[in-house]
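Here is the structure we will look at, set down as structure tokens.
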Amino acid sequence: MSKREDARDHDRDPLDPVAKVPAEIPAGLDRRKFIMRSAVIGAAAVMNGCTRSETEQKAPPPAAEAAPANAPPANAPSVPLSADLNVVKQEKGPVLTTVDEFYKVGPGPSSSHTIGPMRITYDFYQQAAKLPADKLDKATKLQVNLFGSLSATGKGHGTERAALAGLVGKEPATVDPKFLDSLRDKPDQVFPVKLGNKSIDVSLKDVIYDATKGDFKHPNTMTVKLLAGNDVLLEQEYYSVGGGFIEWKGYTPPKKNAPKYPFATMKELRSHADTNKTTIAKIMLANEMSISGRSEAEVNAFVDKIINAMIATVKSGLSMPEDDVLPGPIKLHSKAASVYKRAMDDKFQADRGIGTLSAFALAASEENGRGHLVITAPTGGSAGVMPALVYGLSEVRKVDRQKIRDGMLAAAAIGYLCKHHATLSAAEGGCQAEIGVASSMAAALTATAYGADSLVVENAAESALEHHLGMTCDPVAGYVQVPCIERCAFGAVKAWTAYAIASNEIASRHRVGFDETVIALAQTAKEMNSKYKETSEAGLALSVVLC
Ligand code: SF4
């Protein structure tokens with residue numbers, strides 16, 4: 001290879017899916033599959049520093065990949081994300097997410113189906129309030145239309161209640177969950193929305209469950225309109241892109257300062273930490289300060305707020321009566337308090353570690369199922385995983401607060417990288433994108449809190465993510481309860497297992513890099529049958545019959 005070619009090769013984004021695709025497609029091969037396979041091989045080779053021979057790159061896939069003649073139609077690919085979305089564009093360039101964007105407090109049960117829609121309608125309400133008085137005087141109606149996954153599973157998530165709450169001026173971080181409960185218990189309530197001199201009555205009837213399938217830019221699409229009779233005074237198309245993040249048609253991301261240590265991969269992040277003889281957490285703190293312009297004390301104050309909220313959600317869940325019944329048609333009985341009680345019983349002392357950790361995760365996740373306040377880490381459905389580890393480290397193991405702050409920053413780095421190159425949205429990537437990422441974050445949190453080297457932090461995070469790959473999202477009856485609540489407990493325990501393995505193996509012998517697993521996450525998300533992406537059309541949602 002010439003020097004110029006070599007330089008060009010280094011300029012490539014190692015996670016660019018087309019970076020290593022050979023020009024020729026071997027005869028008899030499906031072009032799409034070949035490109036995907038070659039891209040994965042290429043990206044992995046760039047990150048590993050290993051190269052595959054030309055013959056290997058062009059080799060046909062193993063026989064198992066070839067579809068038999070009588071095979072059912074290929075998996076229905078999921079709705080491709082529009083290239084206009086910022087969440088897609090930002091795959092290029094350094095990570096610019098900050099902790100206050102990432103860790104959000106809001107009502108459960110789903111960051112994309114409750115927190116996102118509430119932020120969206122609250123945003124629209126604020127935009128509408130800025131219209132000229134003569135326009136507002138004509139307004140007669142506010143209307144929300146939910147599409148795609150928001151329509152398919154929104155009823156089970158209470159999306160209509162969240163959307164109405166935003167329209168009447170409630171924000172996710174401060175809304176009283178009792179307000180949302182009251183919408184569920186008295187669905188006919190009507191609320192006046194003040195827009196200029198005009199007052200418009202809104203109710204749940206103004207939130208319409210619209211088409212579940214269509215040519216949407218994102219599976220979680222919704223529109224909000226201000227109408228004067230049949231005339232549209234203001235309309236906006238929005239997307240709830242996962243983890244409570246929102247975008248809209250024509251969205252331009254806010255301008256941010258450059259990070260002190262730019263990175264787009266774990267390899268780059270770890271290289272900053274190792275070159276500067278510091279930790280991933282310290283690199284993340286420096287970036288947080290340079291991107292947001294906040295001081296260290298301000299970043300710590302925000303992270304403390306999130307740690308305290310996580311501890312509170314576990315405490316609140318544990319304090320609920322044993323055998324409480326969660327809202328919804330499943331009539332699911334809570335079990336956090338019972339699992340905790342048994343774990344603390346001296347007769348079962350050997351099970352105490354796993355028992356208490358599971359109970360903490362169940363407690364926070366059941367709070368999510370109740371629609372109470374939870375923290376996106378990275379989402380509502382996975383809201384039991386990180387709090388379980390935070391609670392265990394802080395309240396049981398009494399780990400120093402600064403170590404837990406560091407862990408929260410390292411965990412955020414994991415979430416950012418998964419968001420940057422793959423997804424945090426179950427509607428886009430299944431449960432691997434929620435519980436898988438949460439477990440990976442929790443493994444990084446634990447390793448960091450215990451002072452592990454950056455490679456051990458990476459290995460722990462990788463291991464936890466690896467063992468969730470392929471996990472589908474199939475909530476029974478569209479409620480974030482089955483399998484979600486127990487799945488949080490498993491995610492928490494797997495995080496601990498990942499840390500236990502990573503801190504005991506010889507770190508340099510860990511065979512799989514975090515970046516490679518993120519590629520696999522993105523690839524699996526793309527190719528997963530759309531039925532398994534928060535539609536409640538398959539899996540447990542189909543096989544479990546409610547009586
Ligand atoms: S199955 Fe997983 S991804 Fe789907 S709603 Fe439940 S926790 Fe979220």
Original post:
Among the numbered criteria (1) closer than 13 Å to C431 by Cα; (2) of a type outside the set (A, V, I, L, M); (3) within 13 Å of the ligand (Cβ to nearest atom), which single criterion is violated by N529?
Top reply: (3)
**OP:** Filter the range 98-143 down to residues that are at pLDDT 95 or above and of a type in the set (S, T, Y) and give me whichever is nearest to the ligand (Cβ to nearest atom).
**Re:** Y103
Original post:
Filter the range 237-259 for residues that are out of contact with any helix residue (DSSP H, G or I) (no Cβ under 6 Å at 6 or more places or on another chain) and more than 24 Å from T535 (Cα to Cα); which is modelled with the highest pLDDT?
Top reply: A258
Original post:
Residues of the range 292-342 being in a helix (DSSP H, G or I) and among the β-branched types (V, I, T), which ones?
Top reply: V299, V303, I306, I307, I311, T313, V314, V339
**OP:** Starting from residues that are farther than 25 Å from G156 by Cα and without any contact (Cβ under 8 Å) to a residue 40 or more places away in the chain, keep the ones in the range 464-475 and report whichever is least open to solvent (accessible area, probe 1.4 Å).
**Re:** A464
Subject >> Subset of the range 401-445 (residues that are away from the ligand (no atom under 16 Å from the Cβ), within 24 Å of E527 (Cβ to Cβ) and of a type in the set (A, V, I, L, M)) >> reply: I414, L417
Original post:
Of the residues in the range 461-510, how many are within 14 Å of the ligand (Cβ to nearest atom), among the acidic types (D, E) and not in a loop (DSSP other than H, G, I, E, B)?
Top reply: 1
Original post:
For I519, all conditions in the list (1) more than 30 Å from A273 (Cα to Cα); (2) part of a helix (DSSP H, G or I) hold save one; what is the number of the exception?
Top reply: (1)
Original post:
Which of the strands (runs of 3 or more DSSP E) contained wholly in the range 131-212 include at least 2 residues that are farther than 18 Å from M118 by Cα?
Top reply: 198-202
**OP:** Among the helices (runs of 4 or more DSSP H) lying completely within the range 346-454, list those that include at least 3 residues that are open to solvent by 10 Å² or more (accessible area, probe 1.4 Å) and at pLDDT 95 or above.
**Re:** 352-369, 401-421
**OP:** Go through (1) charged (D, E, K, R); (2) within 16 Å of the ligand (Cβ to nearest atom); (3) open to solvent by 40 Å² or more (accessible area, probe 1.4 Å) one by one and return the number of the condition E534 breaks.
**Re:** (3)
**OP:** Kindly establish whether G478 is over 14 Å from A442 (Cα atoms) and surrounded by fewer than 19 Cβ atoms within 10 Å (Cβ to Cβ).
**Re:** no
**OP:** Have a look at G317, G328 and point out the one that is on the phi < 0 side of the Ramachandran plot and surrounded by 23 or more Cβ atoms within 10 Å (Cβ to Cβ).
**Re:** G317
Subject >> Matching residues, the range 331-341, being surrounded by fewer than 19 Cβ atoms within 10 Å (Cβ to Cβ) and out of contact with any Asp or Glu (no Cβ under 9 Å at 6 or more places or on another chain) >> reply: K331
**OP:** Taking only the range 218-237 into account, find how many residues are open to solvent by 10 Å² or more (accessible area, probe 1.4 Å) and in a loop (DSSP other than H, G, I, E, B).
**Re:** 3
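The values are calculated or read from the model by the stated rules, or taken from the named source; none is laboratory data. Source: prediction; values computed, not measured. Glycine also receives a Cβ, built like all others from the backbone with ideal geometry; neighbour counts cover every protein chain displayed. Note: accessible area is taken over every heavy atom of the protein model, side chains too, but ligands, DNA and RNA are not part of it. Shrake-Rupley method; radii C 1.70, N 1.55, O 1.52, S 1.80 Å.
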